[in-house]
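See structure below.
The values are calculated or read from the model by the stated rules, or taken from the named source; none is laboratory data. As the structure is a computational prediction, the values presented were derived from the model and not from experiment. Glycine also receives a Cβ, built like all others from the backbone with ideal geometry; neighbour counts cover every protein chain displayed. Accessible surface is based on the protein model in full, side chains and every heavy atom, while ligands, DNA and RNA are left aside. Shrake-Rupley method; radii C 1.70, N 1.55, O 1.52, S 1.80 Å.
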Amino acid sequence: MCSLEQFKINLKSLEDEETSFAYDLEDDYFNALDDSELRHGALHVSVSIRKATGFFELLFHIEGTVTVTCDRCLDDMSQPIETDCRQIVKLGAVNSEEDDVITVSEDEGILDLSWVIYEYIVLAIPIKHVHASGKCNPAMSKVLEELSVDRSSDEASDQ
């Protein structure tokens, strides 16, 4: 079981220079998240945190694959992911997220990256995911083709 504790960063303990973290995400990471729609994947995440006056700049690089459902045949398919993201974090009175800035309670000073990383992964998945030509489930492809032909003939007879 993946411990999400490794994704909690104590911002107040960071040095003034750049700090880097690296995570290798597997199925146990996705299963440890509540409400995660993704259940399978193999990704490498690197996070670089630069401490500036009044805020922290986080740069993410995420690369690997996740398993998604093909929109056409409903079989699982491997979807490559590669994305670079930037996040600004500041310390404040209470935890909040607004205007693309995460505010972490100054009393606590702990930033949990587990859900932030997950959101970046989900945003990197294309809206349409379909197997490459000829790679869909043949039985389902045949059914879809038959239904498309039936629908075309129904539309032609209505005219």
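Just a few scattered comments:
- Test: residue in segment 145-159 that is loosely packed, with under 14 Cβ neighbours inside 10 Å, farther than 28 Å from S13 by Cα and basic (K, R): yes
- In this structure, I127 does not satisfy being surrounded by 11 or more Cβ atoms within 10 Å (Cβ to Cβ) and hydrophobic (A, V, I, L, M, F, W, C).
- Every listed requirement among (1) in contact with a Gly (Cβ under 9 Å, 6 or more places away or on another chain); (2) crowded, with 17+ Cβ neighbours inside 10 Å is met by V116 save one, (1).
- Residue check for D112: without any contact (Cβ under 8 Å) to a residue 24 or more places away in the chain and farther than 30 Å from P138 by Cβ: no
- Just one of the listed residues (V104, V94) is over 13 Å from the mean Cα position of the chain (by Cα), more than 30 Å from H131 (Cα to Cα) and either at pLDDT 90 or above or open to solvent by less than 30 Å² (accessible area, probe 1.4 Å) (or both), namely V104.
- Residues (over 12 Å from H129 (Cβ atoms), modelled with pLDDT under 95 and either open to solvent by 80 Å² or more (accessible area, probe 1.4 Å) or not in a strand (DSSP E or B) (or both)) located in segment 51-85: T53, G54
- Within segment 7-50, restricting attention to residues that are loosely packed, with under 15 Cβ neighbours inside 10 Å and more than 23 Å from the chain's Cα centre (by Cα), the residue that is nearest to A124 (Cα to Cα) is E18.
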